[in-house]
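All of the numbers you see were taken from the coordinates with simple rules; none came from a lab. As the structure is a prediction and not an experimental result, all values here were calculated from the model. Please note: Cβ atoms are built from the backbone with ideal geometry, for glycine as well, and neighbour counts cover all protein chains shown.
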Amino acid sequence: MKFLVVSDIHGNKTVTDWINAIAEEEDVDFVLVLGDITDLGSDDIVKEILGPIERDVYAIPGNCDPLSAPEAISEVAIDMHGKTADIDGFRIAGLGGSNPTIFNTPFELEEDVIYKMLRPISKEGMILMVHVPAYGINDMIPSGLNVGSKSVLKIVKEFRPILVLSGHVHEDYGIEHVDETTFVNPGPAKDGMYALVEIDNGAVAARLFTVSG
């Protein structure tokens, strides 16, 4: 199973073109979109960006997307906000939005809500796709503060997913391995950044890339 992971598109409609080119070149099975499809934009922008992608798309909203984004996603892709999908024998669980920020963005959730929404859909060894990272992992802003979700971290400790995919914190992109979990923040797609992930017999291999030019 091979898939393309993008996050933090922030309304950059040119992203769709290179997603399609890379998906074709790399022969990926599907595309995962981790939120902030818009930059405080509308449902129409959600659909304009996701609709033309030529692979199956599984997507969640980010904190900069409208609260109605899950419905807009469902019109052109597979909405994963608070939902699961079983692909090639793996459970994928998704949750969009973020924990509270200082910016008062549209799609923010209290920590207890994040936990209450994630726990019922979580499963040992799952793939977890969230917008906000787990606290302490891929979540450091330039001031040195960690701004990730303690509820996401709690879910990780309880269910030990094989893979956690998140965005939100543009500066702390990267791949980390903690215990038996691989954590991936692909970086902002608005700047041409993405990840390719392959899972073979339960082994996860992730690579980060930036579109040239």
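For L109, the criteria (1) touching a residue at least 24 places away in the same chain (Cβ under 8 Å); (2) buried (at least 18 other Cβ atoms within 10 Å of the Cβ); (3) aliphatic (A, V, I, L, M) hold in every case but one, which is (1).
There is no residue in region 185-197 that is over 17 Å from the mean Cα position of the chain (by Cα) and either surrounded by 15 or more Cβ atoms within 10 Å (Cβ to Cβ) or on the phi > 0 side of the Ramachandran plot (or both). Residues of region 36-94 that are free of Cβ contacts under 8 Å to residues at least 60 places away in the same chain, assigned to a loop (DSSP other than H, G, I, E, B), of a type in the set (S, T, N, Q) and farther than 25 Å from D17 by Cβ: S68 alone.
Residue-level check: of (1) assigned to a loop (DSSP other than H, G, I, E, B); (2) loosely packed, with under 15 Cβ neighbours inside 10 Å, G167 misses just (2). Residues in region 22-52 that are within 16 Å of the chain's Cα centre (by Cα) and surrounded by fewer than 22 Cβ atoms within 10 Å (Cβ to Cβ): F30, D39. Considering each residue of region 63-80 in turn, at least one proves to be within 21 Å of K116 (Cβ to Cβ), surrounded by 24 or more Cβ atoms within 10 Å (Cβ to Cβ) and over 14 Å from the mean Cα position of the chain (by Cα).
Could you identify the single residue in Y194, Y173 that is under 25 Å from A23 (Cα atoms), among the hydroxyl-bearing types (S, T, Y) and in contact with a Phe, Trp or Tyr (Cβ under 7 Å, 6 or more places away or on another chain)? On inspection, the qualifying residue turns out to be Y194.
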